[in-house]
């Protein structure tokens, strides 16, 4: 399990401020739903946490290590938004795609064909996609592709899983299965999960913590506290609007 600390994170695209003074701590084994309006900086915060963007100010640590060290140790698994749309024409099978995740793992695993084969099969079994192993990735449905992307992110055995809108563009049934999968990974394997989602009600029902972002951190606390606050806000809007 993996503790995540963001301290005074600021980030701008050119002269446009995307994140301002974001500080929060994700405890080991937490499942955090990151919510907020469009353009609020949710995905930017996730990319900063993954080490894909460098903040203009502030620090990120994963498991007590700086980002560079954490990435080098394979602590972080990252599933970007709409990844499936970018791989529709990718001429690779599901097992080959999942095996790409091993590049972030140890050299011993990467160079051991039998170990890599075993891990690939285990990851596909873990996400319920073992029967798809020989299919071309572009032939799969959106929900199936997301499962494969999660399997690829898990291949290096990360302690932290970051997901950006993992249910975007897939139907209700597939979306429910993705949430169930993430909940299982979090509870049974102890993987810390931080997930950006536009589906507030569904995300909050699975998460134990909620971070509401609108350039700044508007709220960070338990799901129960967020639901009470959210209900009060809607109640106030209804009777004053």
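The values are calculated or read from the model by the stated rules, or taken from the named source; none is laboratory data. What you see is a predicted model; the values in this text were computed from it and never measured. With ideal geometry, Cβ positions are generated from the backbone for all residues, glycine too; neighbour counts draw on all protein chains shown.
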- Query: Of all residues in the range 192-208, which are surrounded by fewer than 22 Cβ atoms within 10 Å (Cβ to Cβ) and either closer than 19 Å to residue 45 by Cβ or within 14 Å of the chain's Cα centre (by Cα) (or both)?
  - Reply: 198, 199, 200, 204, 206, 208
- Top-ranked residue of the range 24-49 - restricted to ones that are in a strand (DSSP E or B) and more than 22 Å from residue 65 (Cα to Cα), ranked as farthest from the chain's Cα centre (by Cα): 35
- Item | Members of the range 1-23 found to be in contact (Cβ under 8 Å) with a residue 60 or more places away in the chain and not in a strand (DSSP E or B), listed by number | 1, 2, 3
- Working only within the range 113-162, note down all residues that are more than 28 Å from residue 62 (Cα to Cα) and part of a helix (DSSP H, G or I). 113, 114, 117, 130, 131, 132, 137, 138, 139, 142, 143, 144
- Does residue 52 qualify as being over 22 Å from residue 226 (Cα atoms), under 15 Å from the mean Cα position of the chain (by Cα) and surrounded by 18 or more Cβ atoms within 10 Å (Cβ to Cβ)? no
- Of those in the range 160-176 that are touching a residue at least 40 places away in the same chain (Cβ under 8 Å) and more than 12 Å from the chain's Cα centre (by Cα), the residue farthest from residue 28 (Cα to Cα) is 169
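Condition check ((1) at pLDDT 90 or above; (2) in contact with a helix residue (DSSP H, G or I) (Cβ under 6 Å, 6 or more places away or on another chain); (3) not assigned by TED's automatic domain parsing to the domain that holds residue 37) across all residues:
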site	(1), (2), (3)
71	no, no, no
99	no, yes, yes
120	no, yes, yes
128	no, no, yes
131	yes, no, yes
135	yes, yes, yes
141	no, no, yes
146	no, yes, yes
171	no, no, no
- Criterion (buried (at least 22 other Cβ atoms within 10 Å of the Cβ) and outside the structural domain of residue 47 (by TED's automatic domain parsing)) met by exactly one of 151, 211: 151
